[in-house]
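Have a look at the structure below, then the notes.
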Amino acid sequence: METPVYNMKGEKTGTINLPDGIFGLPWNAALVKQVVEAGRANRRMGTAHTKDRGEVSGGGKKPWKQKGTGRARHGSIRSPLWVGGGVTHGPRHERVFEEKVNKRMRRKALFVSLSGKASSGEIVVIEDFAFPEARTKQASLLFRALSAGGVEHIGAKKGTALVALCAHDTAAIRTLRNLPHVESCEVRNITAEDVLGAKYLVLPKPSLSFFESLQASSK
């Protein structure tokens, strides 16, 4: 699959062939859904916890005698019927939300997500992606130029962008972080959920070699 390559001025400098084994796979909604939902479940802390009637303090004595008062029968003031009593059927911290997803599934879901972006023309490859200074204005000018050059609304509300950096780049991170509709991450940490969470995926050209090495290691 062929896609344009841009420079840091937002100008088209040529094209590049994306590997079909990574960017040319058919869409697999069931796989992507399973992997994304498992990732979300695995991030759940499970810290919500309510106390039942045996865990709240007080209530050791029967509030009044069983008969003869004209009032309803009660055995404890910490019954779920009372204010300050235990909670019935509330969330408990014993519940574990973790779901197992093997490495091959995660990798395949990532490649399928990348293929979906590529088929929609939502992958933007940039040559020599670097900012000499950590200034937001430089990134803003880049996305404006890309938008004017045919990548519609990139960096705006209708065209949110995720930049997959080749490695930890402090200048690039600081340059991009103040743009409200642009996120950045290291390409080695990218997931299918990250790819699908933005309209455009911006890939510095060297980042493509990471996906190729990932594909080679999965064979």
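For the range 89-96, backbone phi angles converted through the Karplus equation (6.51, -1.76, 1.60; θ = phi - 60°) give residue-by-residue couplings of 6, x, x, 10, 6, 6, 6, 10 Hz, Gly and Pro being listed as x.
Counting only the Cα atoms, the range 27-104 fills a convex hull of 125 Å³ per residue. Accessible surface for the range 122-192, divided over its residues, is 53 Å² per residue with a 1.4 Å probe. In the chain, the DSSP beta bridges split such that about 25 percent are antiparallel, to the nearest 5. How much of the accessible area of the range 70-219, in percent, comes from carbon and sulfur atoms when a 1.4 Å probe is used? That fraction is 49 percent.
Gap in Å between the Cα centre of the range 1-53 and the Cα centre of the range 178-219? When both Cα centres are located, 8 Å separates them. Scaled to the globular estimate 2.2 N^0.38 Å, the Cα spread of the chain, given as radius of gyration, is 1.58.
Between Thr13 and Ser79, the simple label model (points 7 Å from Cα in the Cβ direction) yields a spacing of 7.8 nm.
Across the options Ser119, Ser76, Thr47, the greatest Cα extent toward the positive end of the charge dipole of the range 1-123 (unit charges at beta carbon of Lys, Arg, Asp, Glu) belongs to Ser76.
Relative protection proxy for 97-110, 169-182, from highest mean packing down: 169-182, 97-110 (other beta-carbon atoms within 10 angstrom). Each of Ala216, Tyr200, Ile190 was scored by the projection of its Cα onto the charge dipole of the range 162-216, and the greatest displacement toward the positive side belongs to Tyr200; charges sit on the C-beta of Lys, Arg, Asp and Glu. Rounded to the nearest 20, the size of the Cβ-charge dipole of the range 61-112 about its Cα centre is 120 debye, with Lys and Arg at +1 and Asp and Glu at -1.
Cross-link check: pairs Lys100/Lys157; Lys12/Lys137; Lys100/Lys137; Lys12/Lys108; Lys12/Lys103; Lys100/Lys199 evaluated at a Cα-Cα cut-off of 32 Å; pairs beyond the cut-off: Lys100/Lys157; Lys100/Lys137; Lys12/Lys103.
The values are calculated or read from the model by the stated rules, or taken from the named source; none is laboratory data. Everything numeric here is computed off the predicted structure, so don't read it as measured data. Here Cβ is always computed from backbone atoms with ideal geometry, including for glycine, and neighbour counts include all displayed protein chains. Ligands, DNA and RNA are excluded from the accessible area calculation, which covers all protein heavy atoms including side chains. Shrake-Rupley method; radii C 1.70, N 1.55, O 1.52, S 1.80 Å.
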